[in-house]
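Notes follow the structure.
The values are calculated or read from the model by the stated rules, or taken from the named source; none is laboratory data. The structure presented is a predicted model; accordingly, all values stated were derived computationally and were not measured. A quick note on method: Cβ atoms are made from the backbone with ideal geometry, for glycine too, and the neighbour counts reach across all protein chains shown. When the accessible area is computed, the model is the full protein with side chains, heavy atoms only, and any ligands, DNA or RNA have been set aside. Shrake-Rupley method; radii C 1.70, N 1.55, O 1.52, S 1.80 Å.
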Amino acid sequence: MILFQMNNSASPKLHLDAYADLAARLEVEASEQPLRYHAKVMALAALGPLLLLMLLLVLFAGLFWLAQLAGIAEYPGGLVWQWLLPLGLSLYLAHLLLWVESSPVTGIALTEQDVPELFRLIRKLRRKLKIRSAVHQVLLTDQFQAKLVCQPIYGPFGPQRYALQIGLPLLQGLSTKQLAAVLAHELGHMAHGHRISANWIFFLRQAWEQVHHSLQKNGYPWAKQWLAVFVARYEPYFSAYTRALARQQEFLADQAAVRVAGKEDAADALVALQLKARFLQQCFWPRLMQQATEQPTPNATPYSQMRLALSLGFAEAPGEQWLEQALAKNHHSNESHASLRERLEQLGCFPRLPKPFRLSAAQVLLGPQLQSLSQQLDQAWLRQIRPEWQQRHQQIRDTRQQLQQLEQQLQTGRISLDDAFRRARLTEELGDGAAACEQYRQIVAQHPEHAPSCFAAGRLLLAAGNPAGLEMLENAMRYDNKAIIPCCRLAYDFLQQQHRSVEAESYYQIACERAALEDQALAERISVNVGDTLITHDLRPAQLAHLQAQLSHYPDIRRAWLTRKQVQHFADRSLYVLLIERKRWPLRSSADDKRFARQLVDTLEMPGQSFVQVLDKSSLELKKRARQLGNAAIYPAGNHKSA
């Protein structure tokens, strides 16, 4: 059965942790009965490797039995080979099953010869934290963060190579002491003082996550199916079970930062990470991209300009307000990182805005190389952003022309609802949020059931700090179920910033309930099987004619049937099933049918979520059912009889 899915109507979906209740309960247990919780975590942590060891023993026993059947012991030195061959093969097979392809670590490789001060700082941190493991690579990135990356050498549970990624924006936005605190936090995950408990769990969580991600990304042959089933159940459960310990490990890493930089600089680093990241995201990059409205090609040097922006520009930002909002955010049980307020409380520090500094860490630690490294990142950014920039510039030109036409149309008379909404959307795209918000509200006043306008007006009102946006979002959710989750996200964030946590939690619960329903709908839409019930399609004549015209471009297609799968959840969202019968000659392999099905998925325009299936012997039952439906036979055109 060759089956591929097309999804032209994806709806926003909140990814929920299936073990959120378990994680919340264990967090309470970890604080009230820490010894009991640690014992249970260690037992669960040992379970995974123990099962893998049992796998190794089973492989060895099976291969040893085969060696006995082959009579290897009868040859010279056979007794030795009878043990060595099964052991070697079982180890090799276990390695193949658990092999994880590590993603390449990106960044500009730094050497001690080029930036000696930075390497001197890293050595000092390792010495203070008593870290024996070496940092094998130091890389400069374009991100406002530092990250310790573990690269497996022989597999996820074997030795690791450590790469330390440090963002140039981070170096430019922090003082040397603040950066030392951030690096100490990252290197604190390697500290041997806590390896037996929290740090060991930290690396074990990463190992299982790598295995799970590898199986999901690359798929798996039949030999790995049993492993995929086990990992799919064990890894999320283990992650949720150890989440409280992972949070404790983050607090331990913060204590490592205190030992290196002191409480004040460690606390200032935590605050600066939150506020300056927000400044870059909401102020620096949008202002830079705004230049695309007038300039057809980019000529900016963002990483060379960023140091001044993070000092002078950040000083003009509403830092006090941002800090208050950051402190108001609480964590949920499905998050392993604590909130800013919790981390500052653990340090015993009162929240405050970071003190200004004269020299950034980039100036001190990169020295003469700062200019050339900034230019390298600038050039890489220009190469990467140029197509997007030029496309954005052309879009703005087209948007202005379209908006001008709509304004002229409005002056001559009334415009339709769709045109009024498009006018407001184009106005917002050109950067005039206040005018766009007023236009959306005018639409809602005349058409209160127009959910897109309700959502857009609510979003802009909340962004401006106006609580009237909550009522608009409520209207959007009332008239469009698909808007429930994005509306709840906006309302939750706004209410948290306003210190209205109880009301925010109610929106979180609504989003959770809706997401659970979306999950149930997704589960029944993820496949089409012989046991599913098929019903007649609901395409309009024009839609059907368009699909038939597309199918006529493929001479290999002999006949085609279009049906729908009967679903229980969201029955108004049709799930189409397109059955394709190819001509018998020339003979084709299943691999060729698979390529043809994927080609149809990539090229056919369908009105909604659809499956395309090339019929073979395993799917004759679906063909039989489709022939029993009155309007299922759609190709050749005009063939409405049971084909």
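Taking the 1.4 Å solvent-accessible surface of the stretch 459-553 as the whole, the part contributed by carbon and sulfur is 55%. For the stretch 259-316, the share of accessible area belonging to carbon and sulfur comes to 51 percent (1.4 Å probe, ligands and nucleic acids excluded). Dividing the summed helix terms, -39500 (n - 2.57) for each DSSP H run of n ≥ 4, by the number of residues in the chain produces a 222 nm estimate of -19000 deg cm²/dmol to the nearest 500.
Given Cα pairs under 8 Å that are at least 6 residues apart, what percent is the relative contact order of the chain? In percent, rounded to a whole number, it is 15. Looking at (1) 30.0, 101; (2) 41.0, 141; (3) 33.0, 113, which value of Rg and Dmax of the Cα atoms in Å comes from a calculation on the structure shown? Calculated Rg and Dmax of the Cα atoms in Å: the matching label is (1). Each label point was placed 7 Å from the Cα along the Cα-to-Cβ direction; for residue 317 and residue 111 their separation is 3.6 nm. When you count the other C-beta atoms within 10 angstrom of each residue and take the mean per peptide, 375-381, 306-312, 205-211, 539-545 line up highest first as 205-211, 306-312, 375-381, 539-545.
Take the Cβ-Cβ distance between residue 65 and residue 230 as r, set R0 to 30 Å, and report the resulting FRET efficiency rounded to the nearest 0.05. The value I calculate is 0.80. Charged side chains reduced to their Cβ positions (Lys and Arg at +1, Asp and Glu at -1) give the chain a dipole of some 1300 debye around its Cα centre. Taking the average, over residues, of other Cβ atoms within 10 Å as the packing measure, peptides 358-370, 245-257 rank 245-257, 358-370 from highest down. What percentage of the solvent-accessible surface of the stretch 343-427, computed with a 1.4 Å probe over protein heavy atoms, is contributed by carbon and sulfur atoms? In the stretch 343-427, the share of accessible area belonging to carbon and sulfur is 46 percent.
Each Cα pair under 8 Å and six or more residues apart adds its sequence gap; the mean of these over the residue count of the stretch 566-643 is a relative contact order of 30 percent.
The gain in end-to-end length when the residue 466 to residue 123 segment is fully stretched comes to 118.4 nm, 0.36 nm per residue minus the alpha carbon separation. Most tightly packed first, judged by the mean number of other beta-carbon atoms within 10 Å of their residues, the peptides 413-419, 32-38, 299-305 read 299-305, 32-38, 413-419. Along the stretch 432-447 the Karplus relation, 6.51 cos²θ - 1.76 cosθ + 1.60 evaluated at θ = phi - 60°, assigns HN-Hα couplings of 9, x, 5, 5, 5, 4, 5, 5, 4, 5, 5, 5, 4, 4, 8, 9 Hz to successive residues, with x for each Gly and Pro. Full extension of the segment from residue 44 to residue 337, taken as 0.36 nm per residue of separation minus the current Cα-Cα distance, would add 103.3 nm.
For the chain, the solvent-accessible area of protein heavy atoms averages 53 Å² per residue (probe radius 1.4 Å; ligands and nucleic acids excluded).
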